[in-house]
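Heads up: the structure comes next, in structure tokens.
The values are calculated or read from the model by the stated rules, or taken from the named source; none is laboratory data. What you see is a predicted model, and the numbers here were worked out from it, not measured in a lab. Glycine also receives a Cβ, built like all others from the backbone with ideal geometry; neighbour counts cover every protein chain displayed.
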Amino acid sequence: MRVFISEMRRAGFSIDEAYDRIWDLTEKEEGVVFELQCAVVDEVYNARLRRNEMLIGHHTAEEWRAKVKQYGNRCFYCGRKMKRLSKDHIIPVVQGGTDTIDNIVPACMGCNQRKHTQSLAEFKSGSTLKML
């Protein structure tokens, strides 16, 4: 259930909406785990599609590779050199940020997950980071 809730939150639902959705799904047919799992997958997939439809702008894989190289394969937030970095939107998409390369920085998975949907200012104020 925690995985479902975190996926719903990542897809843009509030915690209350996630719990309401679980209640709705389990109330209809008790004990039908497989159908619940299928419904959860569909719900998360559809939410992600809706979120992606709201994206403004885009960037290419080549632009991303150049950005990672620009930062020396280091996380923008903590400065650790990593082989695998994720894309983080400086201004989160849910707060109106774009998917253009100038709004994206390389981040390690830990920093990206800690930042989640916070703005850069919110994230900086709550942590001790090196900020490249």
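Annotations for the structure displayed:
- Residue check, residue 94 at pLDDT below 85 and touching a Phe, Trp or Tyr at 6+ places or on another chain (Cβ under 6 Å): no
- Scanning the range 71-117 for residues that are in a strand (DSSP E or B) and touching a residue at least 40 places away in the same chain (Cβ under 8 Å) turns up 74, 104.
- Residue selected from the range 54-69 under the condition farther than 11 Å from residue 100 by Cβ and surrounded by fewer than 11 Cβ atoms within 10 Å (Cβ to Cβ), by the criterion modelled with the highest pLDDT: 69
- Within the range 102-128, being among the hydrophobic types (A, V, I, L, M, F, W, C) and either within 16 Å of the chain's Cα centre (by Cα) or within 16 Å of residue 6 (Cβ to Cβ) (or both) holds for 104, 105, 107, 108, 109, 111, 120, 123.
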